[in-house]
1. With respect to residue 82, is the statement that it is assigned to a helix (DSSP H, G or I), within 22 Å of residue 205 (Cβ to Cβ), among the hydrophobic types (A, V, I, L, M, F, W, C) and at pLDDT 95 or above true?
2. In segment 153-167, which residue that is modelled with pLDDT of 95 or more and hydroxyl-bearing (Ser, Thr, Tyr) is surrounded by the fewest Cβ atoms within 10 Å (Cβ to Cβ)?
3. Residue by residue through segment 41-68, note down the ones that are among the hydrophobic types (A, V, I, L, M, F, W, C) and over 16 Å from residue 108 (Cα atoms).
4. Only one of these is at pLDDT 95 or above and closer than 30 Å to residue 33 by Cα: 112, 170. Name it.
5. Could you grab the pairs with beta carbons closer than 9 Å, sequence gap of 6+ or different chains, first residue in segment 275-286 and assigned by TED's automatic domain parsing to the domain that holds residue 257, second one part of a helix (DSSP H, G or I) and of a type in the set (Phe, Trp, Tyr)?
6. How many of the residues making up segment 6-42 are under 21 Å from residue 91 (Cα atoms), at pLDDT 95 or above and not in a loop (DSSP other than H, G, I, E, B)?
Amino acid sequence: MDKTLTNYLTDPTYDNKYCYLLIDMLGYVSEISPLHLDNIKENVKSDQIAIIARPELAYDLNACPHLIVIKEPNEKLNNKLVRASVGIVIREHLFTKNYICGWIVSEFPPEVLAQKCLDFGSQCGRLFNLPFLTFYEPFRMQLLQDCNGFFPHWLPSIINWCDSYFYADVSQTIRTIQPIRDFDPMDRVLTEEEKYYQHQAKNLLALYKAWNNIYLKLNKTTVSGNKAQLVKFCQYSYQARTLGINDVKDHDIFVLLSMKYGSLLNNEEIKNAILASQDEPGTLAERLKQIDIAKFVASSNKN
């Protein structure tokens, strides 16, 4: 990951651009880390740090996200901070709050870019009916990039305030978003499904992490290497909502079993158990215990 990210950031086309590290002060980092803000301030100029004054946290700017310059135009990349950031990303796999959020290449100086990030979060907040969209959280960014239906150009078209945006996804792969400037980002309406993913991002991440841990214990490997798996996971969660499964435990059981067996609605007995749980929330697990799910799902898939 270290080498990949360094190769991206040292691309010759970015020689005359700024490179930034984006950190979330609500995450945790050791006081002895070179990326602890106190240590950063001792090693970079004050005008190389800018605060994204998140509206609901503006009363405490120390809690707001920070942009750190790791390369000025026509200067060398700060490899020490890049390596340190990658090390933290590896340790933060599937954390609820990540300290390291991403890396940005931009023509804009720190204060200007910070304002553009703020405007972007506010704009997306309005689109998703949220006070402010914390787009910089890696899991949210992946939801924006991968779970946007049939509009793959939408995110690159609204993130046009930078030259490239990099972040680590759930598989700890460095993902790249490069702007598209000839596409009208407002020429579409967000689906209820997309809005659902952002409103439920914290719950989705917690359940995805639980599923990953279960899979890890059973198979001694991780499930998060395929971005299509995350999309499917989120789609099952939304399907639970459309079916009227509102109880948290019922929802989680539905999603986890769907990930294990595939669609549970292909078999009438399983489907009836799911629908019956709507009238008695919290009973789905007990109802499904009475059914040989593996047998019925296998039979349904053959038909």
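1. Working: assigned to a helix (DSSP H, G or I): yes; within 22 Å of residue 205 (Cβ to Cβ): no; among the hydrophobic types (A, V, I, L, M, F, W, C): yes; at pLDDT 95 or above: yes.
So residue 82 fails the test.
2. Restricting attention to segment 153-167, the residues satisfying the condition of being modelled with pLDDT of 95 or more are 162-167.
Going one step further and asking which of them are hydroxyl-bearing (Ser, Thr, Tyr), we end up with 164-165, 167.
Values: 164: 20, 165: 25, 167: 26.
Restricting to residues being modelled with pLDDT of 95 or more and hydroxyl-bearing (Ser, Thr, Tyr), the top hit is 164.
3. Answer for segment 41-68, where residues must be among the hydrophobic types (A, V, I, L, M, F, W, C) and over 16 Å from residue 108 (Cα atoms): 44, 53, 57, 58, 61, 63, 64.
4. Values: 170 fails: at pLDDT 95 or above.
Every option except 112 fails the conditions.
5. Cβ pairs passing all conditions: 277/254; 284/254.
6. Residues in segment 6-42 being under 21 Å from residue 91 (Cα atoms), at pLDDT 95 or above and not in a loop (DSSP other than H, G, I, E, B): 8 in total.
Listed here are the residues, each with its yes/no results for (1) in a loop (DSSP other than H, G, I, E, B); (2) surrounded by fewer than 21 Cβ atoms within 10 Å (Cβ to Cβ); (3) in the same structural domain as residue 166 (by TED's automatic domain parsing).
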residue: 94; (1), (2), (3): yes, yes, yes
residue: 104; (1), (2), (3): no, no, yes
residue: 108; (1), (2), (3): yes, yes, yes
residue: 111; (1), (2), (3): no, yes, yes
residue: 114; (1), (2), (3): no, no, yes
residue: 119; (1), (2), (3): no, yes, yes
residue: 125; (1), (2), (3): no, yes, yes
residue: 129; (1), (2), (3): yes, yes, yes
residue: 132; (1), (2), (3): yes, yes, yes
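Listed here are the residues, each with its yes/no results for (1) in a strand (DSSP E or B); (2) within 13 Å of the chain's Cα centre (by Cα).
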{"position": "136", "(1), (2)": "no, yes"}
{"position": "139", "(1), (2)": "no, yes"}
{"position": "151", "(1), (2)": "no, no"}
{"position": "157", "(1), (2)": "no, no"}
{"position": "171", "(1), (2)": "no, yes"}
{"position": "175", "(1), (2)": "yes, yes"}
{"position": "190", "(1), (2)": "no, no"}
{"position": "193", "(1), (2)": "no, no"}
{"position": "198", "(1), (2)": "no, yes"}
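The values are calculated or read from the model by the stated rules, or taken from the named source; none is laboratory data. Keep in mind that this is a model prediction, so the values were computed, not measured. Counting neighbours? That spans all protein chains shown, and the Cβs are built from the backbone with ideal geometry, glycine included.
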